[in-house]
1. Could you check the simple spin-label distance between Val177 and Gln334, using points 7 Å along Cα→Cβ, in nm with one decimal?
2. If you count, for each residue, the other Cβ atoms within 10 Å and average over each peptide, how do 132-139, 118-125 line up from highest to lowest?
3. Under a crude label model (7 Å from the Cα following the beta-carbon direction), how far is Arg290 from Glu217 in nanometres?
4. Can you tell me which of 214-224, 330-340 comes out highest on packing, and rank the rest after it, using the mean Cβ neighbours within 10 Å?
5. Work out how much length Phe200 to Ala39 would gain on full extension: take 0.36 nm times their residue separation and subtract the Cα-Cα distance, in nm to one decimal.
6. When the Karplus curve 6.51 cos²θ - 1.76 cosθ + 1.60 is applied with θ = phi - 60°, which whole-Hz ³J(HN,Hα) does each residue of the stretch 300-316 get, with x for Gly and Pro?
7. Residue separation times 0.36 nm, minus the C-alpha to C-alpha distance between Arg92 and Val227: what's the value?
8. What nm value, rounded to one decimal, do you get for the distance between Thr51 and Arg81 when each label is placed 7 Å out toward the C-beta?
Amino acid sequence: MTTEEEKTKASAGSARRALAGRLSWGLADQAASSVSNFAVGIYVARSLGVTAFGIFSLAWVTYGVVLNVSRGLATDPLVVRFSGVPEASWRRAVTRSSGTALGVGLALGAASLVIGLALGDRIGPAFACLGVVLPGLLLQDSWRFAFFAAGTGRKAFVNDIVWCVALIPALVVAARVGGVPAFVLAWGGSAAVAAAYGCFQSGIRPRLTGARAWLREHRDLGTRYLVENVSNSGGSQLRAYGLGVIVGVGAVGVVRGAELLLGPFMAVLMGLSLVTVAEAARVLRRAPHRLGRFCLLLGGGQAVAALLWGAALLLVPDRAGALVLGDVWSAASQLIVPVTLGVAGAGLGTGAAA
């Protein structure tokens, strides 16, 4: 083997190790993030029952749509165009990207607050509280994507650990207060703590005034991602609202309970999705001919893993399931097969999305 061939082989091995490291941080970060979301869901399901869990789930799917608006406009263009770029360029981009995410949170948070106050009854307070915490939630999410674009997934992981730590006392207080609004505030308020910490981690302050320039410069990608993201998450939102109107809020809680059972696998899927676009961008720059195989293995592997996880859930005894979801388990367990198929389809689609 010639010296040149040895250098090429060593370089390829180093690149594979670096890729594995970045993917590992993506999985670790999403695991930490999912712990907070899973903990709140389990707390509400066990403490407040099916109906309250349904109300919380309506607020949750609404947050999912808003989150996808923020990602489409702010962070998706960031990871496509500013992954692996010089630090100065990355910092300028993150200043405006995080400002855009914060601006989306303020605008749609205000709308959610107004709608919640107008609705009143049992559902309104949950949406009003969601409006209060949306800016912090979206800013915290923007830091995660910014760190992965820079190839520093460790910082994203630490940020989510801060969220988990802040969530513990917040959940204790929420459990004592009781009610869905208290849990929404605990969940979103602890995210705001992590969002503030992200400013110290990065040394960057979000610039709201840079949002207009960011949206204008990345309108080509932002518009496409916005339509795609909202159409995907909007289906879940319409389903939840439709169930609430036709069958009752409790049915929304049952579906969300079934989705929680897929929580550990969803952590893997979403953890990989944090880094797949950034990694695909790197593959495209360095070895364009490998992009198709990279995406095929990524999507196919996640689909198979989802099916295996769903098969394992079918073997869980009712007593063990009730320990996790309480009264929600008996109905949610009947939805394991369709929910698993849906998640497998989503996993298969991540390769094409990348």
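1. Reported label-point gap for Val177 and Gln334 is 3.5 nm.
2. Working: 132-139: 24.8, 118-125: 13.8.
The peptides rank, most packed first, as 132-139, 118-125.
3. Each label point is offset 7 Å from its Cα along the Cβ direction, giving 3.0 nm.
4. On the way: 214-224: 15.4, 330-340: 17.4.
Per-residue Cβ counts within 10 Å, averaged per peptide and sorted highest first, yield 330-340, 214-224.
5. Values: separation 161, 0.36 × 161 = 57.96 nm, distance 2.63 nm.
Value of the extension gain: 55.3 nm.
6. Once rounded to whole Hz, the list reads x, x, 5, 5, 5, 4, 5, 5, 5, 5, x, 5, 5, 5, 5, 8, 6.
7. Full extension of this stretch gives 46.0 nm more.
8. Each label point lies 7 Å from its Cα, and together they span 5.0 nm.
The values are calculated or read from the model by the stated rules, or taken from the named source; none is laboratory data. For clarity, every value in this text was computed on a predicted model and none was experimentally measured. Cβ: placed from backbone, ideal geometry, glycine included. Neighbour counts: every protein chain shown. Surface areas here come from the heavy atoms of the whole protein model, side chains and all, with no ligands, DNA or RNA. Shrake-Rupley method; radii C 1.70, N 1.55, O 1.52, S 1.80 Å.
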